[in-house]
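Comments concern the structure below.
The values are calculated or read from the model by the stated rules, or taken from the named source; none is laboratory data. Source: prediction; values computed, not measured. A quick note on method: Cβ atoms are made from the backbone with ideal geometry, for glycine too, and the neighbour counts reach across all protein chains shown.
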Amino acid sequence: MSTSTKTVAAAVPEETSARHRKPRRSPRARSERRLGWLLCAPAVIVLIGVAAYPICYSVYLSLQKYNLAFPNAVKFVGLSNYGAVLSSPYWWQALKVTVIITIFSVALELVLGMALAELMFRTTIGRGLIRTIALIPYGIVTVAAAYGWLYAWTPNEGYLSALFSNSAPLTSTVPSLAIIILAEVWKTTPFMALLLLSGLAQVPGVLERAAKMDGATVWQRFTRVTLPLMKPTILVALLFRGADAFRVFDNIYILTNGGNNTYSVSILGYDNLFSALNLGIGSAISVLIFLCVAIMAGVFIWGFGTKAPGADLVR
Amino acid sequence: MATNLSVTSRQKLGWGSANTVAIVIVAIPILWIVSLSFKTPGAITDPSFWPAQWTWGNYKGILTSSTFVRPLLNSIGIGLIATSIAVVFASMAAYAVARLAFPGKRLLVAGALLISIFPQISLVTPLYSIERSLSLFNTWPGLIIPYVAFGLPMAVYILAAFFQQIPWQLERAATVDGATPWQAFTKIIAPLAAPGMVTSAILVFMFCWNEFLFAISLTSTTSARTAPAALAFFSGSSQFTTPTGPIAAAAVVITIPIIIFVSVFQRRIVSGLTSGAVKG
């Protein structure tokens, strides 16, 4: 497993001579490996071409002074773009906003998603209907839903604004962030619930019945039996939704377009590319965002022992 | 003393009211957009939930304007092509992951996981630059290629989980009868795997249909801009009318396929998301 060379043709004869410990491979085993590589090749090529290579290119761009308005003035500047980003209050404001949105929306989604998962799992009437209804926010185009929230909170136009004495919450920072979080939570709670549903379905019913026989209340059964058994699923769901919430873009773009200090790191990166046309700084921001998500994933996988999805596919 | 019957009817009442709460929470924001889409331009500034006067005007407006129809066609075309490519590539890779022993498998699965949690913005800057130099900027392939890449990991997970549940004795039987591994794949396993492929195709298509960041970053005109991106560039029919009504109508139009999808394929979507993406 340690050798992971992707060159199909050359690797096969080399392998047989380099690995003395293993017995000679049968022709069938060899053709199986070759088929494995061949079948994976298209996917691997796409993933390398569209993800791995651009990220490396991004690192390269981030070391250049490169403004699209002055395409002939490109020059190597080392880490100074990173210095510029990390010493800029805009970056730290964007990071703060992103972290706030991530923590609040994921926490709310965990609680509401767990409730929805229990409902989808246990409801005795209309189970199919409730699952279908819950999938609608998951499937709806984020931008379409975001416009709904935008108009609902626009004074003199929206029913929610009218409900709160014609207020204009999208014109100041904290209410704007609350509405962005509301839009995120409404849209992605069903996704969280579906991830949790898979864990819920794996809790053996016998254990809950046993706890019930022993006199445990509904709440005790949930906190002492269901929750501990669901810990692995919850960690994976938190990792997925955390990484997803960290790249929040669509809702902010429509609701405030980053106004009133509500821009996330993704909005900041986008603006640096398309308003400032600054490829160097924009790339440095891209790389920093990538590092943030990588660190988050690392903490979850190695720190909390989250079992990476797909781990059980490789046996 | 409560009899068994009254306990179950009380339970039914409880579940019924919980269901109702969930349905209302989902329905209200959607009904609000529907209501907006039927309001006359003059009634937009009336914050009441339902329009006083219903009109089809907003729908007529957007469906006769190339600023929406063309992006809608782009969305459908780009979504279908990207989905087909992603599902074919993912089926091949998932078969290998689920069934074959080969070095590098672990790396592939880890790479796919990394991409699925990847911040898209990190790719926007380099892809913008690369696509401009390859003349892919503002073209269908310019969006199809990144959509394939981001659709692949999800499809590989779902399909690999699905492939592990297929009765593989059939494949062995076919190879015993003289079929090559490739024949066993195309003749025996692919037809059995079709339901899993449908599931992953639905989810990948929904991802493409929803995607916004690449759609606004890698396009500049309606020749490749998809519907969600077009919404953000709408303007009123004259500079004195707000585009609220047309945007709401367009939002409803692009939501209808999603509602049809989740109604028809609810079981598949739920099983795909619960079995494929995460196995606790």
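For every residue, the table says whether it meets (1) under 29 Å from A:ALA144 (Cβ atoms); (2) of a type in the set (S, T, N, Q); (3) touching a Gly at 6+ places or on another chain (Cβ under 7 Å); (4) without any contact (Cβ under 8 Å) to a residue 60 or more places away in the chain.
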{"position": "B:VAL156", "(1), (2), (3), (4)": "yes, no, no, no"}
{"position": "B:TRP168", "(1), (2), (3), (4)": "no, no, no, no"}
{"position": "B:ALA174", "(1), (2), (3), (4)": "no, no, no, yes"}
{"position": "B:PHE185", "(1), (2), (3), (4)": "no, no, no, no"}
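For region B:104-137, what are the residues that are over 25 Å from the mean Cα position of the chain (by Cα), among the aliphatic types (A, V, I, L, M) and under 29 Å from A:ARG30 (Cβ atoms)? So that I can check it myself, show each step before the final result.
Residues of region B:104-137 over 25 Å from the mean Cα position of the chain (by Cα): B:104-107, B:129-130, B:132-135.
Still in the list and also among the aliphatic types (A, V, I, L, M): B:107, B:130, B:134.
Selection gives B:LEU107 alone.
I'd like to know if region A:221-240 contains one or more residues that are within 13 Å of chain B (Cβ to nearest Cβ), in contact with a helix residue (DSSP H, G or I) (Cβ under 6 Å, 6 or more places away or on another chain), closer than 30 Å to A:GLY269 by Cβ and part of a loop (DSSP other than H, G, I, E, B).
Let us first name the residues in region A:221-240 that are within 13 Å of chain B (Cβ to nearest Cβ), namely A:226-240.
Checking the rest, the ones that are also in contact with a helix residue (DSSP H, G or I) (Cβ under 6 Å, 6 or more places away or on another chain) come to A:230, A:233, A:237, A:239.
Checking the rest, the ones that are also closer than 30 Å to A:GLY269 by Cβ come to A:237, A:239.
When the remaining residues are screened for being part of a loop (DSSP other than H, G, I, E, B), the result is none.
Checking region A:221-240: not a single residue is within 13 Å of chain B (Cβ to nearest Cβ), in contact with a helix residue (DSSP H, G or I) (Cβ under 6 Å, 6 or more places away or on another chain), closer than 30 Å to A:GLY269 by Cβ and part of a loop (DSSP other than H, G, I, E, B).
Would you pick out the residues in region B:101-137 that are more than 30 Å from A:LEU277 (Cβ to Cβ) and among the β-branched types (Val, Ile, Thr)?
Restricting attention to region B:101-137, the residues satisfying the condition of being more than 30 Å from A:LEU277 (Cβ to Cβ) are B:101-113, B:116.
Correct list: B:VAL109 only.
Under 8 Å by Cβ, and 6 or more places apart or on different chains, what pairs join a residue from region A:191-209 that is aliphatic (A, V, I, L, M) with one that is buried (at least 24 other Cβ atoms within 10 Å of the Cβ) and in a loop (DSSP other than H, G, I, E, B)?
Hits for this filter: A:LEU195/B:VAL278.
Before we move on, is A:ILE254 crowded, with 21+ Cβ neighbours inside 10 Å, within 17 Å of B:PRO119 (Cβ to Cβ) and of a type outside the set (Gly, Ala, Ser)? Can you show your working first?
Numbers: crowded, with 21+ Cβ neighbours inside 10 Å: yes; within 17 Å of B:PRO119 (Cβ to Cβ): no; of a type outside the set (Gly, Ala, Ser): yes.
Against the criterion (crowded, with 21+ Cβ neighbours inside 10 Å, within 17 Å of B:PRO119 (Cβ to Cβ) and of a type outside the set (Gly, Ala, Ser)), A:ILE254 does not qualify.
Which one of the conditions (1) within 7 Å of chain B (Cβ to nearest Cβ); (2) within 19 Å of B:THR274 (Cα to Cα); (3) not aromatic (Phe, Trp, Tyr) does A:LEU129 fail to meet, given that it meets all the rest?
Result: A:LEU129 fails condition (1) only.
A quick yes/no check of all residues on (1) surrounded by fewer than 23 Cβ atoms within 10 Å (Cβ to Cβ); (2) more than 16 Å from A:GLY148 (Cα to Cα); (3) charged (D, E, K, R); (4) modelled with pLDDT under 90:
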| residue | (1), (2), (3), (4) |
| --- | --- |
| B:ALA229 | no, no, no, no |
| B:SER235 | yes, yes, no, yes |
| B:PRO243 | yes, no, no, yes |
| B:ALA248 | no, no, no, no |
| B:VAL253 | yes, no, no, no |
| B:ILE256 | yes, no, no, no |
| B:LEU273 | no, yes, no, yes |
| B:VAL278 | no, yes, no, yes |
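Taking into account only those residues within region B:46-79 that are of a type in the set (Ser, Thr, Tyr) and part of a helix (DSSP H, G or I), which is surrounded by the fewest Cβ atoms within 10 Å (Cβ to Cβ)?
Step one: list which residues in region B:46-79 are of a type in the set (Ser, Thr, Tyr), which gives B:48, B:55, B:59, B:64-67, B:75.
From what is left, the residues that are part of a helix (DSSP H, G or I) are B:59, B:66-67, B:75.
On the way: B:TYR59: 18, B:SER66: 9, B:THR67: 15, B:SER75: 25.
Ranking the candidates gives B:SER66 first.
From the list B:ILE216, B:ILE166, B:ILE189, B:ILE202, pick out the single residue that is surrounded by 14 or more Cβ atoms within 10 Å (Cβ to Cβ), within 26 Å of A:SER266 (Cβ to Cβ) and of a type in the set (Val, Ile, Thr). Let's see the steps before the verdict.
On the way: B:ILE166 fails: within 26 Å of A:SER266 (Cβ to Cβ); B:ILE189 fails: within 26 Å of A:SER266 (Cβ to Cβ); B:ILE202 fails: within 26 Å of A:SER266 (Cβ to Cβ).
Sole residue among the options that is surrounded by 14 or more Cβ atoms within 10 Å (Cβ to Cβ), within 26 Å of A:SER266 (Cβ to Cβ) and of a type in the set (Val, Ile, Thr): B:ILE216.
Yes or no, residue by residue, for (1) surrounded by fewer than 18 Cβ atoms within 10 Å (Cβ to Cβ); (2) in a helix (DSSP H, G or I); (3) modelled with pLDDT under 90; (4) within 17 Å of the chain's Cα centre (by Cα):
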residue	(1), (2), (3), (4)
A:ALA276	yes, no, yes, no
A:ALA284	no, yes, no, no
A:LEU291	yes, yes, no, yes
A:ARG315	yes, no, yes, no
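Specify which of the listed residues (B:ALA96, B:ALA101, B:ALA82, B:ALA43) is in the same structural domain as B:PHE234 (by TED's automatic domain parsing), assigned to a helix (DSSP H, G or I) and over 24 Å from the mean Cα position of the chain (by Cα). Give the derivation first.
Numbers: B:ALA101 fails: assigned to a helix (DSSP H, G or I); B:ALA82 fails: over 24 Å from the mean Cα position of the chain (by Cα); B:ALA43 fails: in the same structural domain as B:PHE234 (by TED's automatic domain parsing).
Sole residue among the options that is in the same structural domain as B:PHE234 (by TED's automatic domain parsing), assigned to a helix (DSSP H, G or I) and over 24 Å from the mean Cα position of the chain (by Cα): B:ALA96.
With B:ALA93, B:ALA101, B:ALA82 as the choices, which residue is in contact with a helix residue (DSSP H, G or I) (Cβ under 9 Å, 6 or more places away or on another chain), at the interface with another protein chain (Cβ under 9 Å from one of its Cβ atoms) and in contact (Cβ under 8 Å) with a residue 24 or more places away in the chain? Give the steps one after another, and end with the answer.
Working: B:ALA101 fails: in contact (Cβ under 8 Å) with a residue 24 or more places away in the chain; B:ALA82 fails: at the interface with another protein chain (Cβ under 9 Å from one of its Cβ atoms).
Sole residue among the options that is in contact with a helix residue (DSSP H, G or I) (Cβ under 9 Å, 6 or more places away or on another chain), at the interface with another protein chain (Cβ under 9 Å from one of its Cβ atoms) and in contact (Cβ under 8 Å) with a residue 24 or more places away in the chain: B:ALA93.
Got a number for residues in region A:92-129 being under 19 Å from A:SER176 (Cα atoms) and surrounded by fewer than 20 Cβ atoms within 10 Å (Cβ to Cβ)? Talk me through it step by step, then tell me what you get.
Kept after step one, since they are under 19 Å from A:SER176 (Cα atoms), are these residues of region A:92-129: A:92-109.
With surrounded by fewer than 20 Cβ atoms within 10 Å (Cβ to Cβ) added as a condition, the list becomes A:92-93, A:95-96, A:99-100, A:103-104, A:107-108.
Matching residues across region A:92-129 total 10.
Any residue at all in region B:130-141 that is more than 8 Å from chain A (Cβ to nearest Cβ), over 20 Å from A:PRO54 (Cα atoms) and among the aromatic types (Phe, Trp, Tyr)? Explain how you work it out, then say what you get.
Kept after step one, since they are more than 8 Å from chain A (Cβ to nearest Cβ), are these residues of region B:130-141: B:131-141.
With the extra rule that they be over 20 Å from A:PRO54 (Cα atoms), the set shrinks to none.
Among the residues of region B:130-141, not one is more than 8 Å from chain A (Cβ to nearest Cβ), over 20 Å from A:PRO54 (Cα atoms) and among the aromatic types (Phe, Trp, Tyr), which makes the answer no.
Hey, can you tell me all the residues within region A:203-251 that are surrounded by fewer than 17 Cβ atoms within 10 Å (Cβ to Cβ), basic (Lys, Arg) and over 21 Å from the mean Cα position of the chain (by Cα)?
The answer is A:ARG209, A:LYS212, A:ARG224.
Enumerate the helices (runs of 4 or more DSSP H) found wholly within region A:48-163, keeping only those where 1 or more residues are closer than 30 Å to B:PRO153 by Cα. Walk me through how you get there before you give the answer.
On the way: elements: A:53-62, A:80-86, A:89-122, A:127-139, A:142-152, A:159-163.
Output list reads A:53-62, A:89-122, A:127-139, A:142-152.
Pick from B:SER122, B:SER65: which is small (Gly, Ala, Ser) and more than 7 Å from chain A (Cβ to nearest Cβ)? If you could, list the steps in order and put the result at the bottom.
Numbers: B:SER122 fails: more than 7 Å from chain A (Cβ to nearest Cβ).
Testing whether each residue is small (Gly, Ala, Ser) and more than 7 Å from chain A (Cβ to nearest Cβ) leaves just B:SER65.
Okay, residues lined up against (1) touching a strand residue (DSSP E or B) at 6+ places or on another chain (Cβ under 8 Å); (2) under 27 Å from A:SER264 (Cα atoms); (3) surrounded by fewer than 17 Cβ atoms within 10 Å (Cβ to Cβ); (4) at pLDDT below 90:
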residue: A:GLY158; (1), (2), (3), (4): no, yes, no, yes
residue: A:ALA178; (1), (2), (3), (4): no, yes, yes, no
residue: A:ALA183; (1), (2), (3), (4): no, yes, no, no
residue: A:TRP186; (1), (2), (3), (4): no, yes, no, no
residue: A:PHE191; (1), (2), (3), (4): no, yes, no, no
residue: A:GLY199; (1), (2), (3), (4): no, no, no, yes
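Condition first: part of a helix (DSSP H, G or I) and within 8 Å of another protein chain (Cβ to nearest Cβ). Now tell me which residues in region A:297-307 satisfy that.
Within region A:297-307, just A:ALA297 meets the criteria.
Kindly list the number of the only condition in (1) part of a loop (DSSP other than H, G, I, E, B); (2) modelled with pLDDT of 90 or more; (3) under 24 Å from B:LEU192 (Cβ atoms) that fails for B:LEU136.
Only one criterion is unmet by B:LEU136, namely (3).
Given the residues A:ASN278, A:ASN272, A:ASN251, which is the only one that is free of Cβ contacts under 8 Å to residues at least 40 places away in the same chain and within 11 Å of another protein chain (Cβ to nearest Cβ)?
On the way: A:ASN278 fails: free of Cβ contacts under 8 Å to residues at least 40 places away in the same chain; A:ASN251 fails: free of Cβ contacts under 8 Å to residues at least 40 places away in the same chain.
One residue alone meets the criteria, A:ASN272.
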